[in-house]
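*Asks:* The structure under discussion is supplied below as structure tokens; questions concerning it will follow.
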Amino acid sequence: MYRAVLFDLDGTLTPVASVWEHIHRTLGLWEAEARRHQEEFEAGGIDYEEFCRRDAAHWKGMRVAALRAIADRIPYRPGVREAIGEARGRGAVVGVISTGLTLLADRVHRELGLAFTIANRLVARGGILTGDVQVNVRHARKDEAVDLFCGQFGIDRREVVSVGDSDGDISMFQRTGWSVACLPASDRARAAASEVHDSGSILDLVRSLPLGSERPGVRA
């Protein structure tokens, strides 16, 4: 039986593809500087840790509360609250694995009553950002976080369903027993998943999953 569901956050549970980029755009920093860092990372010029460090450095000296207020305005996709309740009601352990920021993920964890959440954390002292970042989830290495989750809850990785939308979720897809590309942002993500969810709400997606007493692979 599938005993757990692990969701990506940015672009999956929310319509915002990247909380990092969303904050940069809101602050007017994207076109001037931050876009260049992303392009350099995508071209292989810098590694993921350096990419995150450069992004975080733009916010040095800002108040955490100011960035959290931006993240707090990011909405959920339709049906997310009901979907998490549905999964939990059917006995699944539900979590989030995100290369985004705890600024958003902590709120989602609290509001949705998640059992597990991991994301990258901006470092702050006295409520002021230092410009440093603690990278807890690396790009294309979400499989490591899957293993962390399974070890913490005593769940075999083959009993886990993963849900994501991008290339960064492929390692999570490959590590879990079943995977769903939800409104996939790339052909690679679409091809890597066990199934594709192209329409409807997150609730529709969860209702179709073989959770609880259903046998894996059987559709309700």
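The values are calculated or read from the model by the stated rules, or taken from the named source; none is laboratory data. Keep in mind that this is a model prediction, so the values were computed, not measured. We place every Cβ from the backbone using ideal geometry, glycine too, and count neighbours over all the protein chains shown.
*Asks:* When residues of region 91-110 are filtered for being out of contact with any helix residue (DSSP H, G or I) (no Cβ under 8 Å at 6 or more places or on another chain) and on the phi < 0 side of the Ramachandran plot, how many remain? Walk me through how you get there before you give the answer.
*Replies:* Residues of region 91-110 out of contact with any helix residue (DSSP H, G or I) (no Cβ under 8 Å at 6 or more places or on another chain): 91-92, 102, 105-106, 108-110.
From what is left, the residues that are on the phi < 0 side of the Ramachandran plot are 92, 102, 105-106, 108-110.
Qualifying residue count, region 91-110: 7.
*Asks:* Being surrounded by 17 or more Cβ atoms within 10 Å (Cβ to Cβ) and of a type in the set (Lys, Arg) is the filter here, so list the residues in region 52-63 that pass it.
*Replies:* Passing the criteria: only Arg54.
*Asks:* Inside region 1-38, can you point out the residues that are of a type in the set (D, E, K, R), modelled with pLDDT of 95 or more and farther than 29 Å from Val160 by Cα?
*Replies:* From region 1-38, those of a type in the set (D, E, K, R) are 3, 8, 10, 21, 25, 31, 33, 35-36; that's our starting set.
Now drop any that are not modelled with pLDDT of 95 or more, which leaves 3, 8, 10, 21, 25.
Of everything in region 1-38, those that are of a type in the set (D, E, K, R), modelled with pLDDT of 95 or more and farther than 29 Å from Val160 by Cα turn out to be Glu21, Arg25.
*Asks:* Let me ask something additional. Taking region 144-194, which residues are out of contact with any strand residue (DSSP E or B) (no Cβ under 7 Å at 6 or more places or on another chain), surrounded by 18 or more Cβ atoms within 10 Å (Cβ to Cβ) and among the polar types (S, T, N, Q)?
*Replies:* Ser166, Ser171
*Asks:* While we're here: I'm told Ala140 meets every condition in (1) small (Gly, Ala, Ser); (2) within 16 Å of Val19 (Cβ to Cβ); (3) modelled with pLDDT under 95 except one. Can you identify the failing condition by its number?
*Replies:* So Ala140 meets the others, but not (2).
*Asks:* Continuing with the same structure: Tell me which residues, restricted to region 164-201, are modelled with pLDDT under 95 and of a type in the set (Asp, Glu).
*Replies:* Asp198
*Asks:* Mind telling me which of the residues Glu49, Glu21, Glu33 ends up being surrounded by fewer than 17 Cβ atoms within 10 Å (Cβ to Cβ), under 20 Å from Leu122 (Cα atoms) and under 18 Å from the mean Cα position of the chain (by Cα)? First the steps, then the outcome.
*Replies:* Details: Glu21 fails: surrounded by fewer than 17 Cβ atoms within 10 Å (Cβ to Cβ); Glu33 fails: under 18 Å from the mean Cα position of the chain (by Cα).
Answer to the check: Glu49.
*Asks:* When only residues in region 163-189 that are among the hydrophobic types (A, V, I, L, M, F, W, C) and in a helix (DSSP H, G or I) count, which is nearest to Arg207 (Cα to Cα)?
*Replies:* Taking region 163-189 first, the residues among the hydrophobic types (A, V, I, L, M, F, W, C) are 163, 170, 172-173, 178, 180-183, 185, 189.
Then drop every residue that is not in a helix (DSSP H, G or I), which leaves 170, 172-173, 189.
Working: Ile170: 22, Met172: 21, Phe173: 19, Ala189: 22 Å.
Per the criteria, the residue is Phe173.
*Asks:* Something else about it: Considering only residues that are touching a residue at least 60 places away in the same chain (Cβ under 8 Å), closer than 15 Å to Ala69 by Cα and buried (at least 19 other Cβ atoms within 10 Å of the Cβ), which ones fall in region 92-139?
*Replies:* Leu101, Leu103, Leu104, Ala105, Val108, Leu122, Leu129
*Asks:* Which is of a type outside the set (S, T, N, Q), on the phi > 0 side of the Ramachandran plot and under 16 Å from the mean Cα position of the chain (by Cα), of Ala145, Ala140, Ala189? Lay out the reasoning, then the answer.
*Replies:* On the way: Ala145 fails: on the phi > 0 side of the Ramachandran plot; Ala189 fails: on the phi > 0 side of the Ramachandran plot.
From the options Ala145, Ala140, Ala189, the qualifying one is Ala140.
*Asks:* Also: Take Ala124 and decide whether it is assigned to a strand (DSSP E or B), closer than 20 Å to Arg54 by Cβ and hydrophobic (A, V, I, L, M, F, W, C). It would help to see each step written out before you state the result.
*Replies:* Values: assigned to a strand (DSSP E or B): yes; closer than 20 Å to Arg54 by Cβ: yes; hydrophobic (A, V, I, L, M, F, W, C): yes.
In short, yes.
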